[in-house]
Every structure is written in C-alpha cells, then in structure tokens.
Amino acid sequence: MKCITCKKEYDKPVIINDTTYFTCSNCGNVHEVKKYHGYTKDQIIGKIQAAFSSVVLGDGIGLFEAQALDNYEPEDTQKKEREKDEKTNWRSINYSELQSCSSSLSFFDANGMRFHLPAFIIGSIKEELDDPIFYLTQIDSYKASKLATFDECQIRAVIEYLTWCLAEEEYQFDHECIVEALNEFWESQLTSASN
C-alpha cells in the first residue's frame with residue numbers, strides 16, 4: 001500500500017488492538033484503519049461472491065428495468081426492459097452493461113440492490129467500472145431501505161469491502177465518508193442482523 005501523501009510504499013503496519021497503523025518512513029504520514037485484515041483484491045472478491053452466491057432477483061427491479069424508470073418510460077416499456085434483465089445469476093451480467101446502466105443503482109428496490117450490488121463491487125475492484133462507494137456511504141433512510149434485505153453474511157462482506165477501500169490509495173478522498181458509513185450505518189446493521 002502506498003502513502004496517501006508522498007506515494008511511497010508504507011513500511012510494515014503496526015497493529016494495536018483492532019486498529020492498523022501504516023506509517024510512512026519517507027514523510028511520516030500515519031494512516032489508520034480499524035479492523036483491517038489485509039485482504040487482497042482476490043480475497044475481497046471471494047468474500048463478496050460467497051456472501052451473495054445464492055441471491056436471485058426475484059420480483060426485484062432489474063438493471064434495464066431501472067434504466068427505464070430513470071428515463072421515465074411508460075409502464076409497458078418498463079416491462080419490456082425487464083424481459084431483458086438477468087434474474088438468476090448476477091455473475092453473468094457483463095461489466096459494460098453495468099457501467100452503461102450505473103444510474104440503475106438509484107432506481108433499484110431492496111431485492112434489485114442485493115442482486116446487482118455484488119456485480120458492481122467486483123467490477124469496480126477489477127477496475128472494469130466505476131465504484132459504488134456513493135451508494136454504500138451516503139445513506140439516508142431511502143437508501144437504507146434498499147439495503148434492508150442484506151443478511152449478516154452480506155453485511156459483513158460489504159464491511160470488509162469498505163474496510164479494504166480504506167487502505168487503497170484511490171479511495172483516499174472517500175476515507176471520511178467510508179469511516180462514517182461504517183460507524184454509523186454498517187456496524188449497526190450488523191448488530192441488528194445478529195439479533
């Protein structure tokens with residue numbers, strides 16, 4: 001991992017309790033990440049795949065259907081677009097479709113979000129499409145309702161993904177909102193799902 005300030009590789013981190021401290025020997029910058037596990041991209045992808053492996057769309061809003069909603073299409077057009085939607089295997093949706101339909105994230109219902117989000121996360125980790133960080137961190141009651149069907153395993157996988165993002169250089173400007181979302185939303189969701 002590279003220093004956010006000077007871009008030099010951090011030395012080996014120091015772990016105290018549940019916080020990992022990365023200190024740059026070049027400029028002295030200290031970067032801290034709570035509950036950091038040091039997972040690789042492939043390990044995070046594996047966690048997302050495992051957590052969402054059996055999720056199907058069901059009656060949720062699909063990718064193309066959501067685009068029709070975004071475009072204010074009439075109901076018959078929305079139904080026609082839904083016919084094109086993948087409904088059983090989110091892994092089969094190609095990244096170019098996801099990227100061209102990225103605004104669908106704003107129009108999914110809870111089941112649509114649970115079905116499509118893992119594909120968006122994995123595509124972003126592989127640098128095939130834009131990341132869904134905004135939808136996982138800027139959470140009001142409306143967005144929270146779209147995340148309501150996630151089970152404990154899925155919540156843990158999203159937490160691991162967001163925690164992984166905290167240690168990646170490309171998310172340095174999202175650090176504050178990621179930490180806030182982890183503390184104020186995702187950890188409480190985990191507590192609720194555990195009970």
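Just so it is clear, none of the values below were taken in a lab; they were calculated from the coordinates. Small disclaimer: the values here were computed from a predicted structure and weren't measured. Please note: Cβ atoms are built from the backbone with ideal geometry, for glycine as well, and neighbour counts cover all protein chains shown.
Using the average count of surrounding beta-carbon atoms within 10 Å as a protection proxy, the listed peptides 41-52, 78-89 rank, highest first, as 41-52, 78-89. Tell me which label goes with the value of Cα Rg over 2.2 N^0.38 Å computed from the coordinates here: [x] 1.19; [y] 0.99; [z] 1.10. Step by step, Cα Rg over 2.2 N^0.38 Å for this structure corresponds to label [z]. Of the residues 67, 51, 40, the one whose Cα sits farthest towards the positive end of the charge dipole of the range 38-177 is 51 (charges of +1 on Lys and Arg Cβ, -1 on Asp and Glu Cβ, taken about the Cα centre).
If the limit is 24 Å between Cα atoms, which of 87/143; 47/126; 2/126; 80/126; 7/126 go over it?
Numbers: 87/143 22 Å; 47/126 14 Å; 2/126 18 Å; 80/126 31 Å; 7/126 21 Å.
The answer is 80/126.
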